[in-house]
Every structure is written in C-alpha cells, then in structure tokens.
Amino acid sequence: MEKREGKTLLILAIMTSMLLSIVAIVPASAPAATLGVEPDKIINPALQAGSTFKLEVWVRNVANLAGVEFKLSYNTTILDATLIEYGGIFGGTYFEWVKTINDAEGWLHYSISEYFGEPPFTGDGRVANITFTVDSYGSSVLDLYETALGDEIIPPNPIDHTVLDSYFRNKLTGDADGDRTVNVFDILKVKYHWYPGPPAGAGGYDRDVDCDDDGSINVFDILVVKANWGNSI
C-alpha cells in the first residue's frame with residue numbers, strides 16, 4: 001500500500017514538473033499595436049477662441065506596417081481642423097492617398113503608405129501632425145474611427161490594433177456647468193452627476209463635469225470648484 005502511494009506521488013510530482021516547464025517556455029505575448037491621438041487630453045483654459053494647438057497620431061508596438069488610414073471627428077462648434085501634415089513614419093518615401101478636412105461636418109480623413117517595395121515599418125512611429133484652431137468655449141472628444149493598419153502583402157493583411165482617442169476642454173477649472181463662471185451652480189452640477197455612488201447622481205458620469213478629470217465625480221471635484229470660486233471669463 002505504501003509503495004503504491006509512493007508511486008502515485010512520484011507520478012504526480014513528475015506531471016507537475018512537466019506542466020511547470022511547459023508554462024515556463026511559453027513566450028510572453030507581444031504588446032498589442034495601438035493607433036492613438038497624443039496627447040490623450042488637452043485641458044487648458046488658456047486656449048480660447050483664436051488659439052491654435054497641435055495633436056499627433058502615433059502607431060505604437062506595430063510590426064510589418066506598410067499602410068495606415070484613419071478618420072478623426074471633433075466638435076466643429078468648438079474646434080476647426082486647419083492642417084494635416086505627414087508625421088514621418090515611413091521616412092522620405094511615402095504616398096499620401098487621402099488628405100481631407102471636412103470642417104462643416106467636423107471630421108478629417110488621412111491615408112498613407114510606404115513606397116512599393118520598401119521594407120515594412122516595425123516599432124513606434126508618428127503618422128500625422130494635425131493643427132486645430134479653437135473656435136469657442138467648451139469641450140470636444142477627438143474620436144479616431146474607421147482606422148486601418150496593413151502589412152506589405154498584396155492585398156494587405158489587416159493588423160489588429162487598439163484605438164486611443166483624445167479629449168479637448170478649455171473651460172475654466174471648476175466650471176462644471178460651462179457658463180464661464182465658477183459658483184454654486186457648479187457644485188449643484190457636480191452633485192447631479194456624482195459618480196460612482198452611493199449615492200449616485202441622477203445624471204450619470206459626464207467628463208465635462210469631471211473637474212479634475214480622474215474618471216469619477218465626487219467630493220474632490222467640489223474641492224476644485226471651491227478652489228476656483230468666483231473665477232470667470
């Protein structure tokens with residue numbers, strides 16, 4: 001009986017050792033490719049009407065890239081896109097297939113590839129620089145959509161990737177309701193959008209009310225309002 005138990009334990013020990021060795025040799029998965037707007041947010045009350053700023057669109061952790069395409073939407077009452085410039089990802093040899101700004105509808109479209117026969121790109125690279133002019137007071141999501149990354153095969157194989165958007169806000173710090181003045185109405189707005197609970201606010205999460213932009217709306221946002229009390233623009 002003792003011999004049988006000892007044999008069973010030995011077999012279990014060998015199997016455990018084999019499983020651990022298999023786990024040990026499985027390679028770590030490579031980081032997922034991303035296509036994103038950088039910086040991921042611009043929150044700056046100094047950027048009022050007439051000001052300009054630039055955003056960059058980057059590909060990161062990509063392998064064998066030969067072409068990129070994206071659209072970017074924005075709130076055209078707050079921002080105007082005025083210029084798209086090549087970011088340099090493919091060096092000096094590249095084709096720009098689409099380079100369109102539709103400011104009436106609030107979107108732009110950009111498509112680029114390397115020259116045929118050039119080696120594909122691997123790593124991190126800047127695809128485009130985009131210049132915006134500020135029109136008004138408020139906020140805008142800068143939303144990447146209809147994105148595509150492709151390799152050098154003909155026809156290209158799509159490259160899986162994650163899309164990372166950006167966000168613009170030029171409201172006064174603490175101006176939760178967007179009326180250009182920091183006062184008691186901003187505290188009421190914060191309470192209405194309190195998130196997460198308990199107690200949860202009736203309005204739910206609203207990034208424009210998130211005065212410290214930390215992903216929640218709570219007492220810290222009220223403290224931001226109080227610290228900027230009476231400021232107006």
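No value in this document is a laboratory result; all are computed from the given coordinates. Computed from a prediction, not measured in an experiment: that's the story for all the values here. Positions of Cβ are generated from backbone atoms using ideal geometry, with glycine treated the same way; all protein chains shown enter the neighbour counts.
Odds and ends about this structure:
- Using θ = phi - 60° in the Karplus curve 6.51 cos²θ - 1.76 cosθ + 1.60, the 3J(HN,Hα) couplings for region 199-213 round to x, 7, x, 5, x, x, 5, 9, 4, 5, 8, 6, 4, 9, 6 Hz; x is entered for Gly and Pro.
- Backbone N under 20 Å from the V141 label point (7 Å along Cα→Cβ), restricted to region 65-89: 70-81
- Full extension of the chain between K226 and V98 gives 41.3 nm of extra length, using 0.36 nm per residue less the Cα-Cα distance.
- For the chain, projected area of the alpha-carbon convex hull averaged over all directions, nm²: 21.4
- Model label zone, F116; criterion: amide N under 15 Å from point 7 Å along Cα-to-beta-carbon; scope region 143-158: 152-156
- In order along region 115-121, the phi-based Karplus estimate (6.51 cos²θ - 1.76 cosθ + 1.60, θ = phi - 60°) of 3J(HN,Hα) comes to 5, 4, x, 6, x, x, 9 Hz; Gly and Pro are listed as x.
- Lysine pairs in the chain whose alpha-carbon atoms fall under 20 angstrom of each other, counting only those eight or more residues apart or on distinct chains, come to 12.
- Full extension of the chain segment joining S216 with N157 gains 17.3 nm, where the gain is 0.36 nm per residue of separation less the Cα-Cα distance.
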